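Trainee: Starting off with a structure, shown below.
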Amino acid sequence: MVDRRDGARPPAGSLVNDPRARAIAVQLLLIAAVVAVGWSFVQNARVNLEARGIATGFGFFEQTAGFGITQSLIEYSETSSYGRAFLVGLLNTMLVSGIGVVLATVLGFAVGIARLSSNFLLARIAGAYVELVRNLPLLFQIFFWYIAVLGTLPGPRQSLSFFGIAYLNNRGVILPEPNFAEGAGLVGIVLLAGVALSIAVHIWARRRQAATGKLFPRGRLALILILGFPLVAFFATGAPISFGYPELRGFNFVGGFRVIPEFAALLVALVTYTAGFIAEIVRAGILAVARGQTEAAYSLGLRPGPTLRLVVVPQALRVIVPPLTSQYLNLTKNSSLAAGIGYPDFFYVFAGTTLNQTGQAIEIIAITMAVYLVISLVTSGLMNWYNRRKALVER
Amino acid sequence: MKRVLSTLVLVAGVGAFSAAHAAVLDQVKAKGFVQCGVSQGLPGFSSPDDKGAWTGLDVDICRALAAAIFDDPEKVKFTPLSAKDRFTALQSGEIDVLSRNTTWTLDRDTKMGLNFTAVTYYDGQGFMVKKALKVNSALELSGATVCTQTGTTTELNVADFFRANKMKYEVVAFATADETIKAYEAGRCDVFTSDVSQLYAQRLKLAKADDHMILRDVISKEPLGPMVRHGDDQWFDVVKWTVFALVNAEELGVTTKNLAEMMKSTNPEVKRLLGTEGALGQALGLTNDWVARMIKRVGNYGEIYDRNVGPGSRLNIERGLNKLWSKGGIMYAPPIR
């Protein structure tokens, strides 16, 4: 469009010759055309589904699902509704991608920095790792962890035992389950308060250090706040948290908290795979910081550790964050490969089982697309916000 | 990906379908082959042999269909489908007929815009366990982990069975039959559940088949048969009567071997069946010798059964319910007249 910031009025004349009016008219026509095409698709599909007697609408969300799901974070049984199954799948996807993003970031940073290490062996191992995981298909890696690694573990009756507390077998890892008695809530509150206070002290100490240069022993204080006080509270309330240990009964272990092998295999594969890419992004980010920065830090007397942490990484983050967002999105979307090994993620439970049982392909695929879109947009929204905060502020 | 594509076809391609809704039989004749959806590999029902040719009971139904239409059992193309993808493939018109050990249920017959035609195999759901577990009845399975294939009636039945008997269980559902049996073999589950015929078929794939046993309990009715889309009655009739004709042929004793003699038979029922009298085939939109073509190329129902799942096969499943009604089973077809 023509920008008339200079305030000059267009010459008076017919609307047809007015470039502004013409531009608006064209835009309106285009929008109308897009809406009409979209509407005709919807209408067409609706009429024809009806003609073929295929059920339509979203009523199925309230019908009984009737199938079981291996892992659910919320209460779920075969008598729950499809809507409930939808939530179970969504939470399972969020669980594996949430944990995956955190672990992949930690591992990716470690490997990326290791690859730049002056230690020959460390740098080569990190390099070999990156090349290996980046160049093998992800689905293959998922199968590798699921079939070749976890699948070869012994059965429940020959489980590998860790001091009789935790067990490892081909049904997963069975850990002691915490049981909360009365008073456990207080311990939790003390713990949360400790964490909150530590963060507050940390922020305050940093500001003070920036202003006056004085150091504050915030590490020791945090230890007391997060570990010390909750422990005191724990014993003062009469040890309200105990552990239920798993027991072998019948076919499998009863009691205890279990991590299913499908989850473990998917998580390990996603984390190691994505970490390979993140490592390269981190390496690129660090190399993008001028060498002079490091030399300047050294000449000020900073040792390599603080130099990396305080000088190089904060500047590198500006280069790292945008491509990192893509990796987070990839990890989340790749989690739909869960279908290959039967981990009940969103795609598998909803676009797989639910679609098949209800036969309502159009609604379900549309919802599935919308859900992944929302997850991805929220993730990149958060990352963009973080990126703006880290961006170079010109003074 | 495949299902997403199918769905897109379903959304975008509807204009063409609705306007024409062209008769499937005419389309099939025009393109020169039947597009038939089968399972991805279930010995006895549909699996490729060592030369890559599809064999099995479900496959032979499609071959019979091709024989009836084209007098050539090879004029059929097979689309291997997972349990999960099968209905979308049929709804979207990717295949003409779904002959993939699919259980006839009210839900599937009504809500999906699809129709079941006839029953080709009366099955029921059962359980396979390792002999070492020393389990004798399905009622002893409380607490067990069960492997099953997702998107099947099996998945729903097993939930009903355990709930009705107040037993605990844990289900691990996989997308394909192969993944399911592999997971069972690797010990991920104590129990593998499916239709009994499939249990026999899948057991053949295990490294040590003799270490596994199929429990006697049958917990459901699973009538399996081919499906077509709603809205084309002629094609529906063709598929339905293909199955009925195969059963009628067995009842009348018409086999591949004695077909030449039977063509000269004076028995009016045989004459109507083989088209030497009347014009029953034409009413279906086929030729009058349509049944003779099927028998010549594929054989009658009994021959198909024996060759694929019965004594002539490695599966060797008792005919049981699938015997003709006149021989103690429930396999029964309306008369051809």
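Trainee: Can you give the charge dipole size of segment B:184-329 about its Cα centre, rounded to the nearest 20 debye, using +1 on the beta carbon of Lys and Arg and -1 on the beta carbon of Asp and Glu?
Mentor: Taking the Cα centre of segment B:184-329 as origin, the dipole is about 300 debye.
Trainee: Can you give the longest run of chain A that contains no chymotrypsin sites (Phe, Trp or Tyr not before Pro) sitting in a DSSP loop with at most 12 other Cβ atoms inside 10 Å?
Mentor: The answer is A:164-395.
Trainee: Could you pull out the trypsin sites (Lys or Arg not before Pro) across segment A:50-154 that fall in loop regions by DSSP (anything but H, G, I, E, B) with no more than 14 other Cβ atoms inside 10 Å?
Mentor: Listed in order of number, the matching sites amount to none.
Trainee: Inside 10 Å of the C-beta atoms of B:82-94, what's the mean count of C-beta atoms belonging to other chains?
Mentor: For peptide B:82-94, the averaged partner shielding equals 3.
Trainee: Loop-only GluC sites (Glu not before Pro) in segment A:66-152, please: DSSP not H, G, I, E or B, and at most 12 other Cβ atoms within 10 Å.
Mentor: A:E75
Trainee: So for segment A:89-157, considering every pair of alpha-carbon atoms, how many percent are separated by more than 16 Å?
Mentor: 67 percent
Trainee: Skipping prolines and chain starts, which residues have an amide H placed within reach, meaning under 5 Å, of the one on B:Q149, given they are 5 or more residues away or on another chain?
Mentor: Placed amide hydrogens put B:F174 under 5 Å from B:Q149.
Trainee: For segment B:125-220, divide the Cα radius of gyration by the Kirkwood radius and give the resulting Rg/Rh value with two decimals.
Mentor: Result: Rg/Rh = 0.91.
Trainee: Taking the Cα centre of each part, how many Å lie between segment A:28-68 and segment B:190-223?
Mentor: 40 Å
Trainee: Mind running the shape call on segment A:192-257? Use the C-alpha gyration tensor, a ≥ b ≥ c as the square roots of the eigenvalues: rounded below 1.5 for a/c, prolate if a/b tops b/c, oblate otherwise.
Mentor: Prolate shape, in that a/c is at least 1.5 and a/b is the bigger ratio.
Trainee: Suppose we keep just the DSSP beta bridges with both residues in chain A; what percent of those would be antiparallel, to 5?
Mentor: 100 percent
Trainee: Among B:K31/B:K296; B:K84/B:K240; B:K134/B:K221; B:K84/B:K182; B:K31/B:K264, which pairs are too far apart, with a Cα-Cα distance over 28 Å?
Mentor: Beyond 28 Å: B:K31/B:K264.
Trainee: Please compute the Cα-Cα pair-distance distribution of chain A with 20 Å bins starting at 0, giving whole percents from short to long.
Mentor: That works out to 17, 43, 31, 8, 1, in percent per bin.
Trainee: Another question, then. Evaluate the charge dipole of the protein assembly as shown about its Cα centre and quote only its size in Debye, nearest 20, assuming +1 on the Cβ of each Lys and Arg and -1 on the Cβ of each Asp and Glu.
Mentor: That gives the protein assembly as shown a dipole magnitude of about 2900 debye.
Trainee: Just the Cα atoms of chain B, one point each, no solvent: what log10 I(q)/I(0) does Debye give at q = 0.06, 0.11, 0.15 Å⁻¹?
Mentor: Treating every Cα as an identical point scatterer, log10 I(q)/I(0) equals -0.22, -0.73, -1.25.
Trainee: Describe numerically, in nm with one decimal, the distance between label points set 7 Å from Cα along Cα→Cβ at A:F243 and at B:A260.
Mentor: In this crude label model, A:F243 to B:A260 measures out at 8.2 nm.
Trainee: Within segment B:254-298, report the trypsin sites (Lys or Arg not before Pro) that DSSP leaves as loop and that have at most 12 other Cβ atoms within 10 Å.
Mentor: Listed in order of number, the matching sites are B:K257, B:K264.
Trainee: Take every DSSP beta bridge whose two residues both sit in the protein assembly as shown, then give the antiparallel share in percent to the nearest 5.
Mentor: Of those bridges, close to 70 percent are antiparallel.
Trainee: Would you compute, for the Cα atoms of the protein assembly as shown, the largest minus smallest coordinate along each principal axis and list the three values in descending order, in whole Å?
Mentor: That gives 115, 91, 52 Å along the principal axes, largest extent first.
Trainee: So how much slack lies between A:A284 and A:A148, counting 0.36 nm per residue of separation and subtracting their Cα-Cα distance, in nm?
Mentor: 45.6 nm
Trainee: Read phi for every residue in segment B:26-35 and hand back ³J(HN,Hα) as whole Hz from Karplus 6.51 cos²θ - 1.76 cosθ + 1.60, θ = phi - 60°, with x for Gly and Pro.
Mentor: 5, 4, 4, 4, 5, 7, x, 7, 9, 9
Trainee: Among B:T145, B:V172, B:Q198, flag the residue with its Cα farthest along the positive direction of the charge dipole of segment B:125-220, charges on Cβ as +1 for Lys/Arg and -1 for Asp/Glu.
Mentor: Of the candidates, B:T145 comes out farthest on the positive side.
Trainee: Lys/Arg Cβ at +1, Asp/Glu Cβ at -1, dipole of the protein assembly as shown taken about the Cα centre: which of A:L168, B:A30, B:V129 is farthest positive-ward?
Mentor: Of the options given, the answer is A:L168.
Trainee: If you take every DSSP beta bridge whose two residues both sit in segment B:125-220, what share of them, in percent to the nearest 5, is antiparallel?
Mentor: The answer is about 50 percent antiparallel.
Trainee: Between segment A:137-161 and segment A:346-362, how far is it from one alpha carbon centroid to the other, in angstrom?
Mentor: With segment A:137-161 and segment A:346-362 each reduced to a Cα centre, they are spaced 28 Å.
Trainee: Residue by residue, what Karplus-based ³J(HN,Hα) values in Hz, rounded to whole numbers, does segment B:158-174 have, using 6.51, -1.76 and 1.60 with θ = phi - 60° and x for Gly and Pro?
Mentor: 5, 5, 4, 4, 5, 5, 4, 9, 6, 10, 8, 7, 9, 10, 10, 10, 10
Trainee: Right, something else. How many nm is it between the label spots at A:F58 and A:L95, if each spot is 7 Å from the Cα in line with the beta carbon?
Mentor: Those two pseudo-labels are separated by 2.6 nm.
Trainee: Could you give the length gained on full extension between A:R46 and A:F120, defined as 0.36 nm per residue of separation minus the Cα-Cα distance, in nm?
Mentor: Value of the extension gain: 20.2 nm.
Trainee: Now a separate question. Ignore the peptide's own chain and count Cβ atoms of other chains within 10 Å of each Cβ in A:256-262; give me the average, rounded.
Mentor: 2
Since every read-out is calculated from the coordinates, none of them should be taken as a lab result. Remember, it's a predicted structure, so these values are computed and weren't measured experimentally. As a convention, Cβ positions derive from the backbone with ideal geometry for all residues, glycine included, and neighbour counts pool all protein chains shown.
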